[in-house]
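> Please see the structure below; I have some questions.
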Amino acid sequence: MQSGDIITIDTQIGEKSVTLTRSGTTTNILYQMASGSTWVQFAPGVNQISYDADAGAANLEVSVTLIQKYEGV
């Protein structure tokens, strides 16, 4: 990752994707997932998320935005 990079993970059924936005350009990086990985799933309520890096972890800024979509009325 580089300073200012944004990684977006979409876990919606039928729309699953992983993208990297760098300098205004968005690229599919789904192929970067490790073989055998499972999709992150969030439960209602509080979820604990952690992250790490091989180097420079103290310089990482992480934010999580959950978007809920409702079907029907």
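> For segment 40-51, name all the residues that are hydrophobic (A, V, I, L, M, F, W, C) and over 11 Å from residue 64 (Cβ atoms).
Selection gives 43, 46.
> Any chance segment 41-63 includes a residue that's outside any loop (DSSP other than H, G, I, E, B), on the phi < 0 side of the Ramachandran plot and either among the aliphatic types (A, V, I, L, M) or within 15 Å of the chain's Cα centre (by Cα) (or both)?
There is at least one residue in segment 41-63 that is outside any loop (DSSP other than H, G, I, E, B), on the phi < 0 side of the Ramachandran plot and either among the aliphatic types (A, V, I, L, M) or within 15 Å of the chain's Cα centre (by Cα) (or both).
> List every residue pair whose Cβ atoms sit under 9 Å apart, with the two residues 6 or more apart in sequence or on different chains, where the first one lies in segment 1-13 and is more than 16 Å from residue 52 (Cα to Cα) and the second, anywhere, is among the hydrophobic types (A, V, I, L, M, F, W, C) and assigned to a strand (DSSP E or B).
Matching pairs, first to second residue: 8/18; 8/20; 9/18; 10/18.
> Considering segment 6-29 alone, what residues qualify as being in a loop (DSSP other than H, G, I, E, B) and small (Gly, Ala, Ser)? I'd like the intermediate steps shown before the answer.
Narrowing segment 6-29 to residues in a loop (DSSP other than H, G, I, E, B): 11-16, 23-24, 29.
14, 23, 24, listed by residue number.
> Taking the stated definitions as given, is residue 19 surrounded by 10 or more Cβ atoms within 10 Å (Cβ to Cβ) and under 12 Å from the mean Cα position of the chain (by Cα)?
When the stated conditions are applied, residue 19 passes them.
> So, in segment 22-39, of the ones that are among the hydrophobic types (A, V, I, L, M, F, W, C) and surrounded by 10 or more Cβ atoms within 10 Å (Cβ to Cβ), which residue ends up nearest to residue 66 (Cα to Cα)?
Per the stated criteria, the residue is 39.
Every read-out reported here was derived from the displayed coordinates using simple, explicitly stated rules and does not represent laboratory data. As the structure is a computational prediction, the values presented were derived from the model and not from experiment. For neighbour counting, all protein chains shown are included, and Cβ atoms are generated from backbone atoms with ideal geometry for every residue, glycine included.
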